[in-house]
Structure formats: C-alpha cells, structure tokens
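Colleague: Dropping a structure here in structure tokens format, bear with me for questions.
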Amino acid sequence: IMIHGMAHAGLAMDDETFIRQAKDAAQAVETHFKDPSSDKMYRIYFQDQAHQSAFLDDYAWWGRGLVSLFKATGEEHYRNKAIALLDTIDRLSLHERSASYYYTDTSNLLSIRIRQGKDSGILPGSNAVMAHLLIDLYEITQDVSWLEQAKTLTKIFAHDMMAAPLEHSFMIAALMRINDYE
C-alpha cells in the first residue's frame, strides 16, 4: 500500500523524494519478500528471514505499487513485473469457475479458502484491490482483456455491493472506474 501511495503522491506532486522512497521500498520487497527461486512472496521479514506466505492483498497491493512506479518513472521493468505478477496471482489464487480470487494460495493447508470482496475495517477487500489492479493494467497497456476481467470480478460481487454498499466501497470505486471506460 505504501509503495502505491508514495509513487502516486510523487507523480501527483512532481516530488522525486516520494518516488525515490517508493523505489527503495520496492527494492526491499524484491530483496526480502520474494523467493528468488520462484514467484512466491512472503508477508513477514523477521530476523533476516522471510516468513508466512503472502495473502492475496499482499500480491494485489504489490502489483498496484509496481503500476504506480511505472506511471511515476516510465521505467518499463515495473510495468513488466506487474504483468508477470498478475500471471502469478492467477496461478496461485484464481478460482477459475467464479473468476474471483482466493485470499490464500494453493500451498495453504486450510480446508476452507476464502474469497473476500468486502472491505474489512479500513482495509479494502482483496478482490476489490484486484479489480483496481486489473483496471490499472488496462490503463497502462490498453489490453481490453484486463478491463473485461475487472468487469467480471465486480459483477461477481454485485449482489453483495447492493446489499451492503458501505462494506464494499473499494469494489464500488472499481466499478466506477470501469464505468469511465464504457
């Protein structure tokens, strides 16, 4: 979340300090939170070691941070990493039949896997963040398939958004962004 916010703020305010801090944080994620032998990410770095498999929101916010860094810097490697990350997210968390995303990856030993669209407290729901990431990727590539995937994802949660709009504000915001392209 911080990388996305810092890069976005740096671009909006034309402030290289924020952009540099976002780039430094992105480098720290690459160094400490990514498994160098796979695409897997972790959510905790403690005592010089990564722990706990990342959850969907970790991957989704990392992707949004990469897109924001691309927008702020124009450096293609951020764009390419965001695109590659979406493939990883799809492989680890996409529920093919519903076209929504599980909160945990397939390596998790839980017998029940959650698909969350609802915001939890002050944090947006993980599928809502994914909808925004898909829209972000559409904006920087003009690949309509990502916009279509975002539309499908928001439709899956349409009943929930109508029943409890205040609990789905970030998903509704994604739907509003999609409507800008209609």
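The values are calculated or read from the model by the stated rules, or taken from the named source; none is laboratory data. All values derive from a computational prediction rather than experimental measurement. Virtual Cβ from ideal backbone geometry, glycine too; neighbours counted across all protein chains shown. Areas reflect the complete protein model, heavy atoms only, side chains present, ligands, DNA and RNA absent. Shrake-Rupley method; radii C 1.70, N 1.55, O 1.52, S 1.80 Å.
Colleague: If we scan region 28-44, do we find a residue that is open to solvent by less than 30 Å² (accessible area, probe 1.4 Å), within 18 Å of ALA7 (Cβ to Cβ) and aliphatic (A, V, I, L, M)?
Modeller: As a first pass, look at region 28-44 and keep what is open to solvent by less than 30 Å² (accessible area, probe 1.4 Å): 29, 41.
With the extra rule that they be within 18 Å of ALA7 (Cβ to Cβ), the set shrinks to 29.
Then keep just the ones that are aliphatic (A, V, I, L, M); that gives 29.
Looking for residues that are open to solvent by less than 30 Å² (accessible area, probe 1.4 Å), within 18 Å of ALA7 (Cβ to Cβ) and aliphatic (A, V, I, L, M), one finds at least one in region 28-44, hence yes.
Colleague: Here is a further query. Among the residues of region 45-76, how many are assigned to a helix (DSSP H, G or I) and either touching a residue at least 24 places away in the same chain (Cβ under 8 Å) or open to solvent by less than 50 Å² (accessible area, probe 1.4 Å) (or both)?
Modeller: At the first step, the residues of region 45-76 found to be assigned to a helix (DSSP H, G or I) are 56-73, 76.
Right, trim to either touching a residue at least 24 places away in the same chain (Cβ under 8 Å) or open to solvent by less than 50 Å² (accessible area, probe 1.4 Å) (or both) and you get 56-73.
Adding up the residues that qualify gives 18.
Colleague: Looking at region 135-159, which of its residues are among the acidic types (Asp, Glu) and either part of a helix (DSSP H, G or I) or within 18 Å of HIS95 (Cβ to Cβ) (or both)? Please lay out each step first, then the result.
Modeller: Initial filter on region 135-159 (among the acidic types (Asp, Glu)): 136, 139, 143, 148.
Correct list: ASP136, GLU139, GLU148.
Colleague: hydroxyl-bearing (Ser, Thr, Tyr), at pLDDT below 90 and open to solvent by 80 Å² or more (accessible area, probe 1.4 Å): does that describe SER111? Explain how you work it out, then say what you get.
Modeller: Values: hydroxyl-bearing (Ser, Thr, Tyr): yes; at pLDDT below 90: yes; open to solvent by 80 Å² or more (accessible area, probe 1.4 Å): yes.
Against the criterion (hydroxyl-bearing (Ser, Thr, Tyr), at pLDDT below 90 and open to solvent by 80 Å² or more (accessible area, probe 1.4 Å)), SER111 qualifies.
Colleague: Cβ contacts < 7 Å: first residue part of a helix (DSSP H, G or I), restricted to region 160-182; second residue among the hydroxyl-bearing types (Ser, Thr, Tyr) and open to solvent by less than 70 Å² (accessible area, probe 1.4 Å), any location; separation 6+ or different chain. Result?
Modeller: That search, which allows pairs on different chains as well, returns MET171/THR154; ALA174/THR154; LEU175/THR154; ILE178/THR154.
Colleague: For region 130-166, enumerate the residues that are surrounded by 22 or more Cβ atoms within 10 Å (Cβ to Cβ), of a type outside the set (Phe, Trp, Tyr) and touching a strand residue (DSSP E or B) at 6+ places or on another chain (Cβ under 8 Å).
Modeller: Of everything in region 130-166, those that are surrounded by 22 or more Cβ atoms within 10 Å (Cβ to Cβ), of a type outside the set (Phe, Trp, Tyr) and touching a strand residue (DSSP E or B) at 6+ places or on another chain (Cβ under 8 Å) turn out to be MET130, LEU153.
Colleague: Of everything in region 1-27 that's part of a helix (DSSP H, G or I) and charged (D, E, K, R), which residue is least open to solvent (accessible area, probe 1.4 Å)? Quick ask: steps written out before the conclusion?
Modeller: Filtering region 1-27 down to residues part of a helix (DSSP H, G or I) leaves 2-13, 16-27.
This time we only want the ones that are charged (D, E, K, R), so: 16, 20, 23-24.
Details: GLU16: 121, ARG20: 129, LYS23: 66, ASP24: 97 Å².
In this case the residue turns out to be LYS23.
Colleague: Among the residues of region 77-96, is any surrounded by fewer than 19 Cβ atoms within 10 Å (Cβ to Cβ), at pLDDT below 90 and part of a loop (DSSP other than H, G, I, E, B)?
Modeller: yes
One line per residue, one yes/no per condition, for (1) at pLDDT 90 or above; (2) among the aliphatic types (A, V, I, L, M); (3) within 16 Å of the chain's Cα centre (by Cα):
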| residue | (1), (2), (3) |
| --- | --- |
| LEU123 | no, yes, yes |
| LEU137 | yes, yes, yes |
| GLN149 | yes, no, yes |
| ALA164 | yes, yes, no |
| LEU175 | yes, yes, yes |
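Colleague: Still on this structure: Assess whether ALA99 counts as being of a type in the set (Gly, Ala, Ser), open to solvent by less than 50 Å² (accessible area, probe 1.4 Å) and either touching a Phe, Trp or Tyr at 6+ places or on another chain (Cβ under 6 Å) or closer than 27 Å to ASP14 by Cα (or both). Give the steps one after another, and end with the answer.
Modeller: On the way: of a type in the set (Gly, Ala, Ser): yes; open to solvent by less than 50 Å² (accessible area, probe 1.4 Å): yes; either touching a Phe, Trp or Tyr at 6+ places or on another chain (Cβ under 6 Å) or closer than 27 Å to ASP14 by Cα (or both): no.
Spelling it out, it is not the case that ALA99 is of a type in the set (Gly, Ala, Ser), open to solvent by less than 50 Å² (accessible area, probe 1.4 Å) and either touching a Phe, Trp or Tyr at 6+ places or on another chain (Cβ under 6 Å) or closer than 27 Å to ASP14 by Cα (or both).
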